[in-house]
Amino acid sequence: MTPLIRLEGVGKVFRDGSLATRALSDIDLEIAPGEYVAVAGPSGCGKTTLLSLLGLLDRPSQGTYLLHGRATAQLSAGERARIRNRQIGFIFQSFNLIGDLSVGDNVALPLKYGGVRRGERRRRAAEALDRVGMIDRAEQFPAQLSGGQQQRVAVARAIVGRPPLLLADEPTGNLDSANGAAVIELIRELHVEGAAVVMVTHDPRYAGLADREIHLFDGRIVHDDRAPGSEGDVAH
Amino acid sequence: MSRTELLLQELRDAGRALGRARRHAAALALAIAISGGIALPIFSIRPAGDIPPVAAGQGQVRRLLVGHWPAGWGTTVETPAQNAGVLASRDLLRTFAALAVAMACATVAALVLSSAAARRREVALRAAVGAGPTKVLWETALEAGLLGVMAVCGLAAIALVTGAATSATRPELLRSWLLLRPGVAALAVGLVAPTLALLLFAPLAALPAASWRLAPTLAAAHSTAPPAEGSLRHALAIGQLAAALSLLIGAGLLLRASEARRSNDAARQEAASPALASRASLWEVAAPGDAPRRATFYGALLQRLANLPGVGAASVASPGTWVGQGAEGSLVFTCPRCANGGIGTPIAWTQAQHHLVGPGFFATLGVAPVRGRELSPQDAHVAVINRSFEAHFQGVVDPIGQFVRIGATGDWYRIVGVVADVRAPGIGASLGMQPAVYLPLLEYAPLTADVVVSSGARPAGGTQAAVQAAIAEAGALRAAPRGTLRAGLARLAAPLAWLGGAMLALAGAVLLLALHGVSAVAIDDVRRRRRELAVRSALGADPLRIVASVLARGLWTVLAGAAWATEGAILVAWLLQRTSPAMRVFDVRIYAGALAIVCAVALVASLIAVRAALGVEPREALAED
């Protein structure tokens, strides 16, 4: 079966004038459709950079990234945007909701860029909000919500387009334990329904819930459950 | 969904987006509307006819001398409409209006950059959820288009008001000449330029956020402009302040010059002849008969006027002489030791005005001879020249006793005196000094002439009826009072004041734009320093210190603007001086006053940023990132 994600020798170097910072080195990684992967590691080890590359928010400095077997290096900005819209859902640590848009409009935003009609957008946004228990807040604005509520809206936005891949960057980082647990439960449900999930987390409790754990250190994968010698396996 | 439905829906979305960013949108629309609204009427000013001559009949000097004019007498008469000074003034005003529009474009650019910086994260997020660069461009272009329509509506309203104000305040001298009729240039500068700046800048400013690396933008706690962009906006704000300051200084110098024309110069002239500038009255008379009879008429008229009680002095001259406007042509003069390119040239030539003046004309005006004497009733084939003409003798030859000839084949006239330059004040004046030669009017008596009557210490009104009667008794075909010389001078100086007022309005507009620019830069600076301010606050910095640090940055902007403005102001003043030679380039009070106004505006702009700085909550700011 073609892997959903395949990274071969991927590296990322950030340059600021003459100063070069290597964030990722020689990353080889395959993620199958429907897999639930937790990426862990200390601060600054490259977790978020890896997620940005996977989400086509950034380009690797070296190596190859194949998404659904298709090389992404030569994709234009428009094609990358189209792939993000149709195949990837993002959940950010800092929610990243647009403050000037209502909750409903925030959730419907990916559908708008997907060319979905207004009525259909509203219906599907309402469905997604209902799913995360925020339907009664559709007309409110992000500033009127608590952190946990904002993250649930962000989850609704990520799933509204029914993408096959969910990328979550420390989704519980800004939440208390109760809200954190609720969001993780939501993500787990989405995985059970068939979406592949790649979640960056610091929290070993949540990392342990995933099918597979990857540990990064200084920009390199130092542990992968699926690597030869590891005992991890894909299981729903 | 049909294309129309889709477009309508996108327009609705664009409208909602503008509604959300209404402060920015209003600032942008205002910048376009103000600059265009002022520039459009100014660029619509076009000549529609001649300015009425300062003195009636001036355009027909040759005809005035029919049958008896000096050989070689010029036929070109400078009237204000032909005078490059007026056209240059109009072009200067246009240049300044274009500068105001350029500053508006800079403001549009700064506001668009500021808006793009504030929305950088939002645009990156839209890109992250699937909006490609084309989509982001299209959305921004739609927003800019809608905003452009709003701005153009505001621009039209302001243009109507400023157009009406321009029309209503036009001085009498320019009334028949200036018409507010927008042409291609007016529409291009006033309407298209600032709107185009918006339509081009807005999408270009938004595009990088959607095209470049999205991850760092999404990870940032706040949307701020990159340092290079901040520097660009800072430079734009400095440019706006410099332009505003330059225009303010230019306007101040012009207004001061026009004021001086009305009062100070008159005072100077009054010192020489106490009655002249304020009370000397001017009459236009038509003489009867042929040339000898006209000469007799003028002689008798001057005799009658001199004998009138209350009249200090009276004289006569060809129309327009009192403001230095008359026929112009080529003059040849003897100058034994003069050199041209190192080669001795006993005969030289120059372009000069020529006038006819009666005996005692300069004394009546209050202009004392610098050398020699002025013309007497018995003089024939003699001439008086002015200081500008005297300069052609290169300081090596005394002009008294030399000869001057009008044209290549005319008669020679012996120079008997040199008088100060006399020229028209205001923007209709000749550019620079104009050499002039004065011939005896009683030798070449014109059909019409200006009679100047100085009433000594008494008000002119007291002798008006007597003067009228004396002119009639002398046998004048026609006589018309033209008011006092002071009123005439004020009338001529009015366009200068009008130009100053127009510049002041332009400076006000640019100042308003600068207020926008400086406050946007200052607020962005505070946003960028949020964390730094929080750290200072956490370490116990007094709020006054924070206020001082924000104000200090504003002050630096003003000082940098002032440094540029000094050069700009000198350039503006120098350009203006070309149309109004009497204007002073340096006037400490004007420079200091303009700087004080700009400082006050910058202070207001900085106070907005101070408010934002004091609103930084250390706990929140330190928890960010």
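Exposed loop sites were defined as GluC sites (Glu not before Pro) in DSSP loop states (anything but H, G, I, E or B) carrying at most 14 other C-beta atoms within 10 Å; in chain A the longest segment without such a site runs A:1-138. For A:VAL39, the residues whose amide H sits under 5 Å from its own are A:MET199, A:VAL200, A:THR201, A:ILE214, ignoring neighbours fewer than 5 places away on the same chain, with H placed 1.01 Å from N.
A straight chain from B:ARG545 to B:VAL604 at 0.36 nm per residue would run longer than the Cα-Cα distance by 19.4 nm. Close amide H contacts of B:THR448 (hydrogens built in the peptide plane, cut-off under 5 Å, sequence separation of 5 or more or a different chain): B:ALA287.
Against the main long axis of the alpha-carbon atoms of chain A, helix A:147-159 sits at an angle near 80°. Put simply, the amide H of A:GLU30, placed in the peptide plane, has neighbours under 5 Å in A:LEU7, leaving out anything fewer than 5 places away on its chain. When the Cα convex hull of the stretch A:27-158 is projected onto planes of every orientation, the mean area is 9.4 nm².
Over all other residues within a Cβ to Cβ distance under 13 Å of A:LEU54, the charged ones net out to +2, with Lys and Arg as +1 and Asp and Glu as -1. Between B:THR169 and B:GLN9, the distance separating the two model label sites (each 7 Å from Cα on the Cα→Cβ line) works out to 5.1 nm. Would you give the gap between the C-alpha center of the stretch A:104-170 and the C-alpha center of the stretch B:109-158, rounded to a whole Å? Measuring centre to centre over Cα atoms gives 24 Å.
A 1.4 Å probe, protein heavy atoms only, puts the accessible area of B:LYS135 near 50 Å². A viscosity of 1.306 mPa s and a temperature of 10 °C, combined with the Kirkwood radius over C-alpha pairs in the Stokes-Einstein formula, give the stretch B:103-148 a diffusion coefficient of 139 µm²/s.
When the Cα atoms of the stretch B:545-604 are aligned to their principal axes, the ranges along those axes come out at 49, 18, 15 Å in descending order. Converting phi to 3J(HN,Hα) with the Karplus coefficients 6.51, -1.76 and 1.60 and the offset θ = phi - 60°, the stretch B:110-121 yields 5, 5, 5, 4, 5, 5, 5, 5, 5, 9, 3, 5 Hz in sequence order, with x at every glycine or proline.
Just so you know, the Rg over Rh for the stretch A:111-169 is 0.96, from Cα atoms, with Rh as the Kirkwood radius. What net charge is computed for the residues neighbouring B:GLU390, neighbours being all others with C-beta under 14 Å from the C-beta of B:GLU390, Lys and Arg scored +1, Asp and Glu -1? Around B:GLU390, the surrounding residues sum to 0. Per residue, the average separation of C-alpha pairs within less than 8 Å and at least 6 apart gives the stretch A:122-191 a relative contact order of 31 percent.
Sequence-ordered 3J(HN,Hα) estimates for the stretch B:472-485 from the Karplus curve with 6.51, -1.76 and 1.60 and θ = phi - 60° stand at 5, 5, 6, x, 5, 5, 7, 9, 9, x, 10, x, 7, 5 Hz, glycine and proline given as x. A compact globular protein would have a Cα radius of gyration near 2.2 N^0.38 Å; the ratio found for the stretch B:467-607 is 1.81.
Seen from a random direction on average, the alpha-carbon convex hull of chain A projects onto 13.3 square nanometres. Once the C-beta distance of B:ALA156 and A:ASP136 is scaled by a Förster radius of 56 Å, the resulting FRET efficiency is 0.75 to the nearest 0.05.
In order along the stretch A:163-179, the phi-based Karplus estimate (6.51 cos²θ - 1.76 cosθ + 1.60, θ = phi - 60°) of 3J(HN,Hα) comes to x, x, 10, 10, 10, 10, 9, 6, x, 10, x, 9, 10, 6, 5, 5, 5 Hz; Gly and Pro are listed as x. Each semi-axis of the equivalent ellipsoid for the stretch B:481-540 is √(5λ) with λ an eigenvalue of the Cα gyration tensor; in descending order they amount to 54, 11, 4 Å.
The values are calculated or read from the model by the stated rules, or taken from the named source; none is laboratory data. No experiment lies behind these values; they were computed from the predicted model shown. Neighbour counts are summed over all protein chains in view; Cβ atoms, including those assigned to glycine, are modelled from backbone coordinates with ideal geometry. Calculation scope for accessible area: heavy atoms of the full protein, side chains included, ligands and nucleic acids excluded. Shrake-Rupley method; radii C 1.70, N 1.55, O 1.52, S 1.80 Å.
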